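For reference, the structure discussed in these notes is given below.
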Number of protein chains: 2
Amino acid sequence: MIKAYAAKQAKAPLEPFEYDPGPLADDQVEIDVHYCGICHSDLSVIDDEWGLTQYPVVPGHEVVGKIAQVGSRVTGLAVGQVVGLGWHAGYCHTCAQCHSGDENLCADSQPTIIGHHGGFADKVRAQASAVVAIPDGMDLESAGPLFCGGITVFNPLVQFAIEPTDQVAVIGIGGLGHMALQFLHAWGCEVTAFTSSEAKRDEALQLGAHHTLDSRDDGAIEAAAGRFDLIISTVNVKLDWNRYLGTLKPKGRLHFVGATLDPLDLNVFALIMQQRTVSGSPVGSPATIARMLEFAKRHDIKPVVETYPMDKVNDALDRLRSGKAHYRIVLQR
Amino acid sequence: MIKAYAAKQAKAPLEPFEYDPGPLADDQVEIDVHYCGICHSDLSVIDDEWGLTQYPVVPGHEVVGKIAQVGSRVTGLAVGQVVGLGWHAGYCHTCAQCHSGDENLCADSQPTIIGHHGGFADKVRAQASAVVAIPDGMDLESAGPLFCGGITVFNPLVQFAIEPTDQVAVIGIGGLGHMALQFLHAWGCEVTAFTSSEAKRDEALQLGAHHTLDSRDDGAIEAAAGRFDLIISTVNVKLDWNRYLGTLKPKGRLHFVGATLDPLDLNVFALIMQQRTVSGSPVGSPATIARMLEFAKRHDIKPVVETYPMDKVNDALDRLRSGKAHYRIVLQR
C-alpha cells in the first residue's frame with residue numbers, strides 16, 4: 001500500500017489516503033519520495049478549476065526521491081538512484097511529438113496528478129522515461145520545484161534558441177519568475193524584471209536581474225520601447241499586453257508561460273510592422289529537464305523554498321493560497 | 001521634370017502632376033517605369049487611412065523598369081538594367097536591422113509613396129540599395145506585384161525556415177493569397193486553401209493548393225484539428241482566430257500578413273498547451289526579394305494580373321476598389 005494525502009472532493013482539505021498500486025508495470029519505476037514541491041497547478045487540480053480532476057486526487061508533481069523498484073524492462077535507471085518527476089508521469093512514445101523529442105507536447109501523455117496518483121505520498125510510480133536522474137551534488141531540498149516551475153521558464157530558452165547577447169525581461173517575480181531571473185542571468189543575457197512592487201525590486205536584483213522596470217510607470221515603459229528580444233510573462237492576470245509588445249525589438253517575442261482566462265487582445269499591426277511574435281509553452285521534455293538540471297547545478301541555481309513536513313500539507317497549501325509563499329513551497333518526508 | 005499621376009487630397013481621383021526631382025543623389029538611381037502594379041496599400045495611402053499621407057501623393061510601389069541614370073557612387077547597377085522597386089525606396093544602413101540584413105524592419109526606412117513620389121509616373125527614383133535586379137527572362141508585365149504582394153507572402157517562408165515537408169494553409173485567396181499558394185506549392189509543402197467561396201475553390205486548386213477547406217464548415221474545421229505547421233492569413237477582416245489556432249499542430253504558427261483593426265483576442269491556453277506561435281511580418285529585405293525572384297523564375301510563378309494603360313489609372317483604381325480585380329492590377333506605360 002502507498003500512504004498518500006488526497007482530496008476527496010473539490011476544495012476539500014487533504015486527508016491521509018492509502019491505495020494499492022498493484023503490480024509494478026514493466027516500463028515503470030517506483031520512487032521513494034524524499035521531497036515534493038507544491039505548485040499552483042496542484043491547487044488548480046485540487047479545486048478542479050480545469051474540470052479534469054479525478055477524485056480522490058493525490059497532488060504533487062515536483063517529486064525528488066530515490067528509486068525503490070524498477071520494472072522488468074527498465075534500463076538506464078537503477079534502484080537507489082536519485083531522480084525527479086514532474087508534470088508528466090508517462091508519454092505515448094508513438095506520436096510525432098514523442099518521436100521528435102517533444103514528449104511534453106504528446107497529446108496522450110499521462111499527467112502525474114490527473115488520473116494518476118502524485119507525489120504527496122511516501123511513494124509514487126511513473127513510466128521510467130518520464131523520470132529524470134538528478135546530477136550528483138545537487139541540493140535535493142530545493143530541487144523539486146525545478147521539475148515543474150523551473151522547467152517551465154527554462155524551456156523557452158532552449159525552444160527559441162535564446163542567445164547570451166539577448167535582452168530579456170520577465171513579467172511577474174514570483175514562483176516562476178524568480179527562477180527565470182536566475183536562469184537568464186546564468187545564460188548570459190541582460191535581464192530586466194518588470195515589477196510594480198518596491199519590495200520585490202531589491203530581491204529581483206539579487207536573483208539576477210540587471211535592471212527593474214516599474215510596469216505602472218508610463219515614462220519608464222516608453223523609454224524601454226524596442227528594447228527586448230524576449231519577454232517571458234509568468235503572471236495569471238490580464239495586463240495591457242500591447243504596451244509590452246511596444247518594448248520588444250523588431251523580431252522580438254512575447255512569450256507566455258502563465259495563463260489568463262482573458263483573451264490576449266493583441267494589436268496585429270504591432271506584430272506585422274516589426275515582425276514580432278507571441279507564443280506560449282508548457283513544461284519541457286525529459287531531455288530539456290536533464291539539460292536544465294546540469295545547467296542549474298553548474299550555476300548553483302536554486303528555487304527559493306519554504307519547507308514543511310509532509311504531514312503539515314494542509315498548512316503548506318494554505319500558505320500557497322495566501323499568495324505569501326517565498327517563493328516555492330516544498331514538502332519533506 | 002517627371003510626369004506622374006497624383007492625388008491632391010484624400011480620396012481624390014488621380015490627376016496628371018509634374019515635379020522636378022532635382023539633381024540625382026550620389027546613392028540613387030532613376031528608373032524608367034515600364035510597369036507598375038497597384039496594391040491595396042496604394043488605396044490606403046491615397047485615402048490617408050493611416051494618417052501618414054503627404055499630398056500631393058504619387059502612388060505606385062510595385063515598379064518594373066529600366067535604369068535611366070545612376071548616382072556617382074552607385075556600383076552594382078547600370079544604366080539599361082531591368083530592375084524592380086517595392087515598398088521601400090531607401091534604408092538608413094546604420095541601424096541594427098540594416099546591419100543584420102533586415103532592412104525591411106529599419107525604423108528609418110523611406111517608404112516609396114509616403115514623403116516620396118512613387119511609380120505611377122514615367123520615372124521614379126530610389127536609393128540604389130532598395131532596387132533589385134530582375135533575372136533575365138522573367139515576364140515583366142506580371143513581375144511588379146512580386147515586389148510588394150509577392151514578397152509579403154514569400155518572406156515568412158524564409159524568416160521561419162518553413163520546410164518542404166510542412167503542411168501549410170492560406171486564409172484568403174485574393175491578391176496576396178493567390179501568390180502564396182503558388183510559392184508554397186513550389187516550396188514542396190502540402191498546401192490547403194481556406195475559402196468559403198465555391199468559385200475560388202477550383203482556382204485555388206489550379207494555383208497550387210492540394211486541398212481546400214470551407215471555413216464556414218464546422219465539421220471540416222474540426223476534422224482539421226492539429227493539421228497545420230503554418231497558417232498564413234492574408235485577410236483584413238476579423239475571423240474566429242481561435243478556431244484556426246485549433247487546426248495548428250503542436251509548435252504550429254498562425255502568421256499574419258493581412259491586418260485587421262480588431263485585436264486578435266487569442267486564447268492563451270491554446271498557445272501554451274501546444275507551444276503555438278502567433279506572428280506577423282511586413283515586406284521583405286532586398287536579399288529576400290532577390291531570392292524570391294530567382295525562385296519565382298525557376299518555378300514560373302506569376303501573379304495573375306489585369307493590365308491597364310497608365311493613363312487609365314483612375315479606372316484601374318476603381319476596379320481595385322470594387323474588390324473584383326483578378327487578382328492584381330498592373331499599369332503599363
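Structural remarks
- Residue list for the stretch B:215-242, restricted to those being closer than 30 Å to residue A:243 by Cβ and either part of a strand (DSSP E or B) or open to solvent by 70 Å² or more (accessible area, probe 1.4 Å) (or both): B:230, B:231, B:232, B:233, B:236, B:237, B:238, B:240
- Verdict on residue B:99 being more than 14 Å from every other protein chain (Cβ to nearest Cβ) and either open to solvent by 30 Å² or more (accessible area, probe 1.4 Å) or under 30 Å from residue B:224 (Cα atoms) (or both): no
- The one condition from (1) charged (D, E, K, R); (2) in a strand (DSSP E or B); (3) farther than 29 Å from residue B:11 by Cβ that residue B:306 does not meet is (3).
- Among residues of the stretch B:187-243, those that are in contact (Cβ under 8 Å) with a residue 60 or more places away in the chain, touching a Lys or Arg at 6+ places or on another chain (Cβ under 8 Å) and closer than 25 Å to residue B:327 by Cα, counted: 2
- Every residue from the stretch A:260-300 that is among the charged types (D, E, K, R) and assigned to a helix (DSSP H, G or I): A:291, A:294, A:297, A:298
- Scope the stretch B:247-265; condition facing chain A (nearest Cβ under 7 Å) and among the acidic types (Asp, Glu); matching residues: B:265
- Only a single criterion out of (1) surrounded by fewer than 14 Cβ atoms within 10 Å (Cβ to Cβ); (2) under 18 Å from the mean Cα position of the chain (by Cα) is not satisfied by residue A:78, namely (2).
- Just one of (1) more than 14 Å from chain A (Cβ to nearest Cβ); (2) farther than 20 Å from residue B:330 by Cβ; (3) buried (at least 18 other Cβ atoms within 10 Å of the Cβ) fails for residue B:6. It is (2).
- Applying the condition of being under 13 Å from the mean Cα position of the chain (by Cα) and among the hydrophobic types (A, V, I, L, M, F, W, C) to the stretch B:275-292 and asking which residue is farthest from residue B:133 (Cα to Cα) yields B:283.
- Test result for residue A:280, under 27 Å from residue B:236 (Cβ atoms), buried (at least 22 other Cβ atoms within 10 Å of the Cβ), touching a residue at least 12 places away in the same chain (Cβ under 8 Å) and among the small types (Gly, Ala, Ser): yes
- Test: residue in the stretch B:65-74 that is within 14 Å of another protein chain (Cβ to nearest Cβ) and assigned to a loop (DSSP other than H, G, I, E, B): no
- Which listed residue, of B:243, B:216, B:298, B:201, is more than 9 Å from every other protein chain (Cβ to nearest Cβ) and closer than 30 Å to residue B:133 by Cα: B:298
- The stretch B:243-272, residues that are polar (S, T, N, Q) and open to solvent by 10 Å² or more (accessible area, probe 1.4 Å): B:267
- Exclusive hit being touching a Pro at 6+ places or on another chain (Cβ under 9 Å) and closer than 19 Å to residue A:310 by Cβ, set A:66, A:8: A:8
- Test: residue in the stretch A:298-305 that is touching a Lys or Arg at 6+ places or on another chain (Cβ under 9 Å), surrounded by fewer than 21 Cβ atoms within 10 Å (Cβ to Cβ), in the same structural domain as residue A:155 (by TED's automatic domain parsing) and more than 20 Å from residue A:168 (Cα to Cα): no
- Top-ranked residue of the stretch B:160-214 - restricted to ones that are of a type in the set (Phe, Trp, Tyr) and not in a loop (DSSP other than H, G, I, E, B), ranked as nearest to residue B:246 (Cα to Cα): B:194
- Residue B:268 being without any contact (Cβ under 8 Å) to a residue 24 or more places away in the chain, of a type in the set (A, V, I, L, M, F, W, C) and facing chain A (nearest Cβ under 7 Å): yes
The values are calculated or read from the model by the stated rules, or taken from the named source; none is laboratory data. The structure presented is a predicted model; accordingly, all values stated were derived computationally and were not measured. Positions of Cβ are generated from backbone atoms using ideal geometry, with glycine treated the same way; all protein chains shown enter the neighbour counts. Keep in mind that these areas ignore ligands, DNA and RNA; they rest on the heavy atoms of the full protein, side chains included. Shrake-Rupley method; radii C 1.70, N 1.55, O 1.52, S 1.80 Å.
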